[in-house]
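The values are calculated or read from the model by the stated rules, or taken from the named source; none is laboratory data. All figures in this text were calculated on a predicted structure; none of them were measured in a lab. Reconstructed Cβ throughout: ideal geometry from the backbone, glycine too, with neighbour counts over all protein chains shown. Note: accessible area is taken over every heavy atom of the protein model, side chains too, but ligands, DNA and RNA are not part of it. Shrake-Rupley method; radii C 1.70, N 1.55, O 1.52, S 1.80 Å.
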Amino acid sequence: QVQLVESGGGLVQPGGSLRLSCVASGRISSIYDMGWYRQAPGKQRELVASITSGGSAKFANSVKGRFAISLDNAKNTVYLQMNSLKPEDAAVYLCNLLTTYSNYWGQGTQVTVSS
C-alpha cells in the first residue's frame with residue numbers, strides 16, 4: 001500500500017504565500033514523477049506543477065514565476081512553494097505520485113485565497 005499525505009493548505013490573503021508538502025509512504029517502487037494538481041468547484045482537475053526524480057520540472061502557465069516545486073528523493077516528499085497567491089489559485093490541491101508501475105493520489109488539501 002502506498003499513501004500520500006498532504007499538508008500546508010489553509011487560508012491566505014491575496015499576495016500571500018503557502019508551502020504545501022506531500023509525503024509518500026509504503027511500498028514505493030522507483031519514483032518517476034511527483035506533482036501537484038488542483039481542482040476548483042465546477043472545474044476540471046489541472047496540473048499545477050510536477051517534477052521528475054531527476055529534477056526536471058514543469059508548471060502550468062498560470063503559475064509560472066510564482067510557484068516552485070522541489071523533491072526530496074530521500075524523504076519521498078514533494079514541496080510546492082506558492083507565492084503571490086491570487087483568488088483564482090483557490091482550490092483543493094492534490095498530490096500525485098507516478099512510479100514505474102502505478103499512479104497514486106492523495107486526499108487533497110484546501111487552499112483558500114481571500115481577503
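Over the stretch 17-115, with every protein chain in place, what whole percent of the accessible area is carbon and sulfur at 1.4 Å, could you tell me? Intermediate results must be reported in sequence, preceding the final value.
Numbers: 2400 of 5220 Å².
Result for the stretch 17-115: 46 percent of the exposed heavy-atom area is carbon or sulfur.
With every protein chain kept in place and ligands, DNA and RNA left out, what is the accessible area per residue of the chain? Probe 1.4 Å, answer in Å². Could you put the intermediate results ahead of the total?
Values: 6230 Å² over 115 residues.
Heavy-atom accessible area per residue stands at 54 Å².
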*Label point distance in nm, SER7-SER115, each placed 7 Å from Cα along Cα→Cβ*: 3.2 nm
*Pop the C-beta distance of SER53 and SER84 into the FRET formula with R0 = 22 Å and round what comes out to the nearest 0.05.*
0.20
